[in-house]
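Following: one structure in C-alpha cells, then a few remarks.
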Amino acid sequence: MTVQYYQQEFADFSRRRTGADPAWLAPVRRSAIERFAALGFPTPRDEDWHFTSVAPIAEKEFQSLDSAGGLVEPAAVAPFGFGEDDWPQLVFVNGHCVPRLSMPGALPRGARVLDLPSALREIPDLVERWLTTLASVDNAFTALNTAFFRDGAVVHIPASVELTEPIHLLFVADASAAKGVSHPRNLIIAGRNARATVIESYVSLTEGSYFTNAVTEVAVEEGATLRHYRIQRESSRAFHVATTQVHQARDSHFLSFSFATGAALSRTNIYTVLDGEGAGATLDGLYMGADEQHIDNQTRIEHAQPNCFSREVYKGILDGSSHGVFNGKVLVRPIAQKTDGKQSNNNLLLSDRARVDTKPQLEIFADDVKCTHGATIGRLDELALFYMKSRGIPADTARTLLTFAFAADVLQQIESVPVREMLERLARERFTGSPTEEPVGASAALR
Amino acid sequence: MLEIRGLHASVDGTEILRGIDLSVSAGEIHAVMGPNGSGKSTLAQVLAGHPAYEVTAGTVTYLGQDLLALDPEERAQQGVFLAFQYPVEIPGVSNAYFLRSSYNEVRKARGQEEVDPLEFLSLMEEKLRIVHMSDEMLNRSVNSGFSGGEKKRNEILQMAVLEPRLAILDETDSGLDIDALRVVADGVNKLRDPENATIVVTHYQRLLNYIIPDRVHVLVQGRIARSGGKELALELEARGYDWLVPEAGA
C-alpha cells in the first residue's frame, strides 16, 4: 500500500523537519497526513475523479526529491523563460529554489518574491496567516502536499502596488527527478487594490517519469486584480497534479489561464471563492493532448456573495488516443443574488481514437441569477476545409490552420503579449511540428 | 478553355446534374441561369471540387487537362476560382493571413516567388480599392461577423488577389442591395481580361445589367434547356422560367 509508504516517509520527514518548520506548521502537517491516510488516493468511484484513474500514481512509491539535482545551466532553462530581464523569475529545480538561476527583475518597493524558506524567515506572520488556510486537505493530493511541502514561491504585492512586469515562477525537472516526487507549495497575496501578473510554469529538461504535486494558494484582497497564467509542459512520461485555490474579497478580479499540454497524466484544479460583493473571476484554458496522454481539468467557481460575475472558456484539442476531461462547477449560494455566470467548454477531436468527457455543472441555490453554460465536441469543419482548399491552400495546411485557429481563439484572452506569443508558438509547434514566426490570428496586427 | 461534356453529378445518391454540355472560351462571360433547384449551384461546386458531390459520368477539360482528376487546391492553383454563394466563416484566422497564404500557394504553383507581409500589404491597397473595402477588414477573422454584402465583397477581393483564369460566381448577387451589387459588378468588370473567362451563376437577370454576358444558358432539371445571347436573359426576365420547364410526367 502506497498510503502506508507515505505515512512511513512522513515519520522520517517530520523528524528531519524539526527546527526547519515554524511551531504552527507541525500540527498542520500531522493532521494533513492523517487526513491523507483516511482518504487514500481517489478512485473513479469518487464523483470528482469519475473520468480519471490515478492508479498509475497510487501504485508507485515516488522517492522524495531532496536536492536540486545535477548542475542545471542557465542556458538550459532560458528557453522556458520569456527573455525579459525586467521580469522577476524564481527557478526551482526538482522542487528546490535555485537562486543562481533566478533573477530579481524590477520589483516595486514593498513587493516580495521569495522562496518559501526565506519567506518563513522574513515575513513569518504573513505566511502563517495564509499558508495552508485556503486549500482544503479534503483533497488527498493537497493533504499529501501539505504533509510534505518544503519549498515553493511566496509572492506578496502590498496594498495599492501595481506591478508592470509579470512574475515568473519556473518549476523545472531534470534527469535526477526520475521516480521522484516534488510538492511545490506556493502562496500569492495581492493586497487591497494591488495589480499583478504571476506565471507558473512546470517544465522538464528530460523525458523522465516523475510526479509533481503542486498546490498554490491565492488571496486576492479588496479591489485587487490578479492575473494568473499556468503553463504545464511536463515530460510526456510525468504525472502532474495541481490545485490552485483562490479566495477573492469584495470587488477583486482574478483572471486565470491554464495551458496544459504535457505529462502522461495530469489533473489541474482551479478553484475560486467569490467571497465579497462585486468580485469577478475569469477562468480560461487550453488543453492539447496527443498519443496516450490524459489531461483532466477541473474548475469550481463558488459564488458566495451577491453581485459577482464569472466567465469561463476552456478549449480542448485531442489527437491520437488522448483523453481530455473538463469538469466545471459553478456553485451559487442562496445569498448570491444577481450572480452573472457564463461557462463554455469546446473540444476538437483530431482522431477517431481521441476522447473527451465534459461535464459543465451549475448548482444554483439563489433565485435571481443569470447563468449559462454549454459544451461542444466536434471535428474540423469540412466546409471550412473545402473553402480554404478552393483558395489553393493544401489540405494539410488548411487542417493545421483551422486547428490553430481553434486554439488561438481562446489564447487571445491572454493579456500579456510575450506569454500569449509563447503559447501561440507552442500550439503551432504542436500541430505542425515546426514553428512559424508569424501570427495568423485575427488579433494580431499587421506586422 | 473549359469543355464540359455529358456531365452527371449527384449528392447523397440523388442525381442533380443530368448531362451538361458547355464550352467556354478565353475572354468570354457566360451566364448560367435557372429556377431554384435546377442544378446551377451544383455545377459551380462540382467545377470547384466540392467533396459532397459525386461525378457519375462525363468529362470536364480545363486548359487541356482533366479538371475532375485535380484536388480542389490544385484547381485553385491552376486558376479556377469559385466565389461562394455562402462564404464560410473561419474564426481565429485573419483575413490578411488567409489571403496571403492563398496568394502565395497560387504563386508557388506558377513558379513565382512568395511575397512577404509588407509586399503583400502594398498589393492589397490596390486590390481593396477595387471592392471599396477598408484595410480594417484584413484584420478581422475570415468572414466572421461580416454582413452579407461584406462577405460577397470579400469573395471578389479574393478573386482580385488571385487573378484566376476561370472565375465562377455562384449567386454572388443574392442578398445584395443595388449599391453593393454595383461594387461587385464593377469589380468583376475591372478584372476582365482577354485571357480569362467568367461563369456567372444567377437566378435573376438584374446582375446581367452590370456584367454583360456573351452567352446565356438556362438550366432546368439538371440539363441546359436553352442557350442564347444576352437577350435570352431579358426574355427570362419577362416570361419567367415556367415556359422552359417540361410538364410534370412529360
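The table below gives the values:
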read-out	value
B:Ile211 part of a loop (DSSP other than H, G, I, E, B) and buried (at least 17 other Cβ atoms within 10 Å of the Cβ)	yes
Given (1) within 14 Å of chain A (Cβ to nearest Cβ); (2) more than 16 Å from the chain's Cα centre (by Cα), number of the condition B:Glu163 does not satisfy	(2)
Selected residue (only one of B:Met124, B:Met133, B:Met159 is among the aliphatic types (A, V, I, L, M) and part of a loop (DSSP other than H, G, I, E, B))	B:Met133
Residue in region A:95-102 that is within 23 Å of A:Ser64 (Cβ to Cβ) and in a strand (DSSP E or B) present	yes
Qualifying residue in region A:341-362 (condition: touching a Lys or Arg at 6+ places or on another chain (Cβ under 8 Å), more than 30 Å from A:Gly262 (Cβ to Cβ), surrounded by fewer than 23 Cβ atoms within 10 Å (Cβ to Cβ) and not hydrophobic (A, V, I, L, M, F, W, C))	no
Selection from region A:374-409 of residues that are more than 9 Å from chain B (Cβ to nearest Cβ) and buried (at least 21 other Cβ atoms within 10 Å of the Cβ)	A:Thr403
Flag if A:Ala366 is part of a loop (DSSP other than H, G, I, E, B), within 23 Å of A:Glu312 (Cα to Cα) and small (Gly, Ala, Ser)	yes
Selection within region B:78-98 - buried (at least 23 other Cβ atoms within 10 Å of the Cβ) and within 19 Å of the chain's Cα centre (by Cα)	B:Val80, B:Phe81, B:Leu82, B:Ala83, B:Phe84, B:Phe98
Matching residues, region A:246-285, being of a type in the set (Gly, Ala, Ser) and outside any strand (DSSP E or B)	A:Ala249, A:Ser252, A:Gly262, A:Ala263, A:Ala264, A:Gly276, A:Gly278, A:Ala279
Among residues of region B:1-36, those that are closer than 14 Å to B:Gln221 by Cα and free of Cβ contacts under 8 Å to residues at least 40 places away in the same chain, counted	1
Region B:194-250, residues that are at pLDDT 90 or above and small (Gly, Ala, Ser)	B:Ala197, B:Gly222, B:Ala225, B:Ser227, B:Gly228, B:Gly229
Test for B:Ser102: is it under 14 Å from B:Asn154 (Cβ atoms) and modelled with pLDDT under 90	no
Strands (runs of 3 or more DSSP E) fully within region A:291-333 counting 1 or more residues that are at pLDDT 95 or above, over 19 Å from A:Lys359 (Cβ atoms) and among the hydrophobic types (A, V, I, L, M, F, W, C)	A:309-318
Residue satisfying all of: in region A:69-111; touching a residue at least 60 places away in the same chain (Cβ under 8 Å) and polar (S, T, N, Q); surrounded by the fewest Cβ atoms within 10 Å (Cβ to Cβ) among these	A:Gln89
Lone qualifier among A:Ala242, A:Ala281, A:Ala290 - being in contact with a strand residue (DSSP E or B) (Cβ under 9 Å, 6 or more places away or on another chain), surrounded by fewer than 23 Cβ atoms within 10 Å (Cβ to Cβ) and of a type in the set (A, V, I, L, M)	A:Ala290
Scan of region B:134-156 for residues that are more than 11 Å from chain A (Cβ to nearest Cβ), buried (at least 22 other Cβ atoms within 10 Å of the Cβ) and not charged (D, E, K, R), ordered by number	B:Asn154, B:Ile156
Subset tally (residues that are farther than 22 Å from B:Gln77 by Cα, away from chain A (no Cβ under 11 Å) and of a type in the set (A, V, I, L, M)) for region B:109-127	0
Condition met for A:Asp367 (modelled with pLDDT under 95 and within 14 Å of chain B (Cβ to nearest Cβ))	no
Filtered residues of region A:406-447 (kept if assigned to a helix (DSSP H, G or I), modelled with pLDDT under 90 and over 22 Å from A:Phe254 (Cα atoms))	A:Arg428, A:Glu429, A:Arg430, A:Phe431, A:Thr432
Checking A:Leu126 against (1) closer than 15 Å to A:Arg185 by Cβ; (2) in contact with a His (Cβ under 9 Å, 6 or more places away or on another chain); (3) assigned to a loop (DSSP other than H, G, I, E, B), the condition it does not meet	(3)
Count - residues of region A:382-418 that are in contact with a helix residue (DSSP H, G or I) (Cβ under 8 Å, 6 or more places away or on another chain) and without any contact (Cβ under 8 Å) to a residue 12 or more places away in the chain	9
Residue within region A:53-68 that is more than 26 Å from A:Asn139 (Cα to Cα) and surrounded by 15 or more Cβ atoms within 10 Å (Cβ to Cβ) present	yes
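The values are calculated or read from the model by the stated rules, or taken from the named source; none is laboratory data. On a predicted model such as this, the values are computed, not experimentally measured, just so you know. Cβ sites come from the backbone with ideal geometry, for glycine too, and all protein chains shown count toward neighbours.
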